[in-house]
Amino acid sequence: MNDQSEQSQTDLIEGITRDAAEEAERILAEAEKAAEQRGRAAEDQARALIQQEESKAEEQAERIRGQSASSLRMERRRKQLKLQEQVFQEVLKRVREQLAAMVGSPEYREVLLGWIVEAAIGLGAPEASVNASAAERKQIDAGLL
């Protein structure tokens with residue numbers, strides 16, 4: 001072979017090598033760009049998932065806070081009703097005790113008269129019967145009725 005032929009071969013090899021190097025650089029650049037895009041996409045997806053989970057956690061926390069507040073209100077109401085019932089029972093007990101102590105007194109006769117009048121007015125009937133204990137019957141006479 002002559003020098004010119006060797007030079008042509010050398011030039012051809014150098015051209016192929018240069019083209020291969022350029023192609024390799026292009027492929028590498030595309031791969032880096034694709035990897036960077038995938039990385040950004042993965043980061044975006046991770047951020048979206050984190051945001052979604054934080055939102056779910058906040059909703060769940062809000063739901064739990066609401067349930068706790070509702071339970072607290074119900075418990076307060078239950079205790080309030082229980083206290084009211086205790087007070088009511090205590091008042092009834094004291095009234096019963098006071099009325100029992102009054103049986104046989106002139107004031108009790110007035111109380112009986114008031115109850116009988118209220119019952120008669122409330123019934124609006126021409127006749128009514130009065131139920132009373134043995135101790136109370138002693139105070140109920142024709143003058144009271």
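The values are calculated or read from the model by the stated rules, or taken from the named source; none is laboratory data. The shown structure was predicted, so the numbers you read here are calculated from the model rather than taken from an experiment. With ideal geometry, Cβ positions are generated from the backbone for all residues, glycine too; neighbour counts draw on all protein chains shown. With ligands, DNA and RNA removed, areas are computed over all heavy atoms of the protein, side chains included. Shrake-Rupley method; radii C 1.70, N 1.55, O 1.52, S 1.80 Å.
Evaluated against (1) touching a Gly at 6+ places or on another chain (Cβ under 9 Å); (2) open to solvent by 80 Å² or more (accessible area, probe 1.4 Å), Q139 falls short on exactly one condition, (2). Restricting attention to segment 100-113, the residues that are surrounded by 10 or more Cβ atoms within 10 Å (Cβ to Cβ) and part of a helix (DSSP H, G or I) total 9. Taken together, Q7, Q37, Q86, Q51 contain a single residue that is without any contact (Cβ under 8 Å) to a residue 12 or more places away in the chain, under 30 Å from E136 (Cα atoms) and in a helix (DSSP H, G or I), which is Q86. Restricting the first member to segment 91-108 and to residues that are under 15 Å from D141 (Cα atoms), and the second to residues that are part of a helix (DSSP H, G or I), the beta-carbon pairs closer than 7 Å and six or more apart or on different chains are V103/A135; V103/E136; G104/A135; Y108/M102. Residues considered: E97, E127. Of these, the only one that is open to solvent by 60 Å² or more (accessible area, probe 1.4 Å) and either outside any helix (DSSP H, G or I) or aromatic (F, W, Y) (or both) is E127. For segment 51-80, the tally of residues that are open to solvent by 80 Å² or more (accessible area, probe 1.4 Å) and not β-branched (V, I, T) stands at 20.
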